[in-house]
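Participant: Have a look at this one.
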Amino acid sequence: MSEKVFTTSELKELKEFEGRQVVLVAKIGSENYNLHDETSDEDYRIYVLPTFEDLYGGKRYVKSVTSETVDYSVHDIRDLAKQLMKSNINFVEALFSVDLTVKHDVVEEMLKMRESIAKMNLPYFYDACFGMFHNKLKHFESSSRESNRYVVAYGYDTKAFMSMYRMMDFILRYEANGFSSFVDAIRYSEEERAYLLSMKHGRFTKTEAENLIQLMKDKVQGVKPAYKGQPFQSETETELNKLLFDTVKNHIQH
């Protein structure tokens, strides 16, 4: 018997996932940046509270489901805390999602402090973004597979190019607004959207793309001191840890 794959609407209505209480359902990816188009996937991240069995066995539940209509991954809420404290932009964005289904008070509290969470560890945040850029760069440089529709259409992976540009641009935009607004740095206006999507749709030759990425990389290196000079926000870490600890504790006790 095949496993049931939930639709987007069903995901938002879920109260439990395999016996674990759902606390948050967040859409991730291109729509959060206003860069979605007809080729974009529906991708969600779901967080659940652990069961007593999970705690007793030292288990952190995780599951990924991929289908033709929607992809989603399910994570223990304790992992969200670790992900946020590592300042990974792909996990921080869940708190700023344009499609957020909140099912527990703990999430409401986290949303109140999301700007503080986003800039909790800016030196590490810079390194994490730069690391993701280099991972995309490796893919960009080696992407010649005939199965890659962007390579087939434009001669190189234009989607990876746009992703690299966006990652570098985010670092610049976040520093430019004084680390005051994560959402303003990550989300594009309609005019900006048109420019970035044109990258994905073959506006630049591969040589032009490589030159532009190098230019952005140089600019990002220029703001490195601004990130590295920011102190780690230990008060935010303590508050976040206590919030999630108390939530899990109360959930198990009741």
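The values are calculated or read from the model by the stated rules, or taken from the named source; none is laboratory data. Being a predicted model, the structure only gives us computed values, none of them experimental. Note that we place each Cβ from the backbone using ideal geometry, even for glycine, and neighbour counts take in every protein chain shown.
Participant: Is it true that some residue in segment 183-199 is hydrophobic (A, V, I, L, M, F, W, C), free of Cβ contacts under 8 Å to residues at least 40 places away in the same chain, outside the structural domain of F245 (by TED's automatic domain parsing) and farther than 30 Å from V248 by Cα? So that I can check it myself, show each step before the final result.
Facilitator: Taking segment 183-199 first, the residues hydrophobic (A, V, I, L, M, F, W, C) are 183, 185-186, 194, 196-197, 199.
Within this subset, residues satisfying the condition of being free of Cβ contacts under 8 Å to residues at least 40 places away in the same chain are 185, 194.
So of that shortlist, the ones also outside the structural domain of F245 (by TED's automatic domain parsing) come out as 185, 194.
Filter again for farther than 30 Å from V248 by Cα, leaving 185, 194.
Yes: one or more hits.
Participant: Restricting the first residue to segment 61-74 and requiring it to be acidic (D, E), which pairs with a second residue that is assigned to a strand (DSSP E or B) and surrounded by 15 or more Cβ atoms within 10 Å (Cβ to Cβ) meet a Cβ separation below 9 Å and a spacing of at least six or different chains?
Facilitator: Taking only residues 6 or more apart or on different chains, the pairs are D71/D43; D71/Y44; D71/V65.
Participant: Within segment 48-60, track down each residue that is in contact (Cβ under 8 Å) with a residue 60 or more places away in the chain and hydrophobic (A, V, I, L, M, F, W, C).
Facilitator: L49, F52, L55
Participant: Identify all residues within segment 210-226 that are surrounded by 15 or more Cβ atoms within 10 Å (Cβ to Cβ) and closer than 30 Å to D157 by Cα; write none if there are none.
Facilitator: Within segment 210-226, E210, L212, I213, M216, K217, V220, V223, K224 meet the criteria.
Participant: Could you check segment 208-242 and list, in sequence order, the residues that are of a type outside the set (K, R), part of a helix (DSSP H, G or I) and farther than 15 Å from M164 by Cβ? Let's see the steps before the verdict.
Facilitator: Taking segment 208-242 and keeping what is of a type outside the set (K, R), we get 208-216, 218, 220-223, 225-227, 229-241.
Checking which are part of a helix (DSSP H, G or I) leaves us with 208-216, 218, 220-222, 225-227, 234-241.
Passing the criteria: G222, P225, A226, Y227, S234, E235, T236, E237, T238, E239, L240, N241.
Participant: Scanning for something surrounded by fewer than 18 Cβ atoms within 10 Å (Cβ to Cβ), within 16 Å of K27 (Cβ to Cβ) and in the same structural domain as V248 (by TED's automatic domain parsing), does segment 71-81 turn up at least one residue?
Facilitator: yes
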